[in-house]
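Report on the following structure.
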Amino acid sequence: MYRVMLCALLMILSAGSLAARSSDKVEVGGVKKIEDFVIYRDDKFYCAFPSVVVRKNGEILCAFRRAPNRRLLWGAPRDIHTDPNSYLVLVRSKDGGGTWTKEPELIYAHPLGGSQDPCMAQLRDGSIVCTSYAWALPPPEGVERIKETFVYPPFAFLGGYIMRSDDGGKSWRGPFIPMAVPGNKSLDALGNPLPAYNRGAMLQRKDGKLYWAVARHDRLKELRTSVHLLTSSDRGETWRYVCPIASDEKVSFNETSLIETKKGDLVAFIRTEGFGGKAAYARSKDGGGSFGQWQDAGFVGHPLHAVRLKDGRIFLVYGYRQAPFGIRAKVLNPDCTDIAEAPEITIRDDGGNSDIGYPWAALLPDGNILVAYYFNVGDGPRFIAGSLLSVD
């Protein structure tokens, strides 16, 4: 009873803290914060890793991963990112993010394990493609007999899958299981070639194809990963390997988002491991046929998401997972040639600890930017929050 009362008090205090921060203003390089707000919060659940799309009718969909808050419900020492009961859900807003549906709609619950990171992309025909990946929780005997499989004890990796909706997220087809990346060194939890996966935004180009940056396990025991490009001509049902995006003997690359510049370059914004928390990027000048040498982005932050503004500039947002914990962004020129030099914008700096972030931006019909991310105040329950920004 005492723990329940304490948690209720913490929830009230956290809500007050969020409201206080909502009045703070950020204005750098023409970007002004209008307000911060809660998209979805239920303290029984650990909510994280959102993505956002804006439908042609202006309705906003925010997808995220939801799992039991085992720390609150059953006294677990901490909440972790792998859970056998995590699944993909979404909420909606019809008033520009002012209010959101209270009861999440189910996108998909994997029958063999817990799902992560629903990454939505809205195609030109209005359909929505959503990528994810999953973890199985086999018994200890099962873990011991799994060979050449990425294991995060006590979980074993199932790899990626893809869902698609043709009716605005009301119903979903799938899962479509993507190919294994050539040269991948890991099997999935069932002993099959590991399906491609990643956290990050895919891209639909003028040719109608989907371009998706995915991770490859290069050295299983060292958890070394590189990033590679796949394309799909059938809205995510089947995929073709194209080329490597970024690989290195010392630095590991994973969560990656793609954007197309004004002149047609593809730029991949990449999370790194073993590089001091700094972001990286790689550029293709031939429409994704090949990528040049990866580059130091010149700042700390991950993972990253980019969206094109109405004037052609690129809004790049990322989590800042060291003190002061929060959400940061940059506004880049239309060709993304000022990635390191562009001024950094602090959207939030009041996070409770490093277990925050994974922001995703969307351009609203009125030209404002909605940024969704997961957040905690004072190490309290994780919830889906948002910030509304205006850009001059």
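Read-outs throughout are calculated quantities, based only on the coordinates presented, and are distinct from any laboratory measurement. In this text the structure is predicted, and so the values were computed from the model without any measurement. Neighbour counts are summed over all protein chains in view; Cβ atoms, including those assigned to glycine, are modelled from backbone coordinates with ideal geometry.
For this structure, a couple of remarks:
- Segment 2-391: C-alpha gyration tensor shape, a/c 1.5 cut-off, then a/b vs b/c: rounded
- Note on the chain: dipole from Cβ charges, positive end direction compared against 189, 75, 229; the farthest Cα belongs to 189.
- Annotation for residue 238 and residue 59: the two label points, set 7 Å from Cα along the Cα-Cβ direction, are 3.2 nm apart.
- Cα-based shape type of segment 330-385, given that a ≥ b ≥ c are square roots of the gyration tensor eigenvalues and the cut on a/c is 1.5: oblate
- Around residue 334: net Lys/Arg minus Asp/Glu count, Cβ-Cβ under 11 Å: -1
- Computed label-point distance, nm, for sites residue 346 and residue 323 using a 7 Å Cα→Cβ extension: 1.4 nm
- For segment 243-284 versus segment 172-196, the gap between their alpha-carbon centres in whole angstrom: 22 Å
- Residue 207-residue 34 pseudo-label distance in nm [points 7 Å out on the Cα-to-Cβ vector]: 3.8 nm
- Peptide packing: for 211-217, 146-152, the average count of neighbouring Cβ atoms within 10 Å per residue gives the ranking 211-217, 146-152, highest mean first.
- The chain: most fluctuating residue of 141, 255, 344 per GNM, C-alpha cutoff 10 Å: 141
- Net charge, residue 241 excluded, C-beta distance under 14 Å - Lys, Arg +1, Asp, Glu -1: +3
- Environment charge of residue 40, counting only residues whose C-beta is closer than 11 Å and scoring Lys/Arg +1, Asp/Glu -1: +3
- Part-to-part distance (alpha-carbon centres) for segment 302-347 and segment 97-142, which is given in Å: 26 Å
- Normalised contact order of segment 296-392, rounded percent, pairs of Cα under 8 Å and 6 or more residues apart: 23 percent
- Three-way shape label, segment 271-392, alpha-carbon gyration tensor, a/c 1.5: oblate
- Along principal axes, Cα extents of segment 55-198, largest first, whole Å: 51, 42, 19
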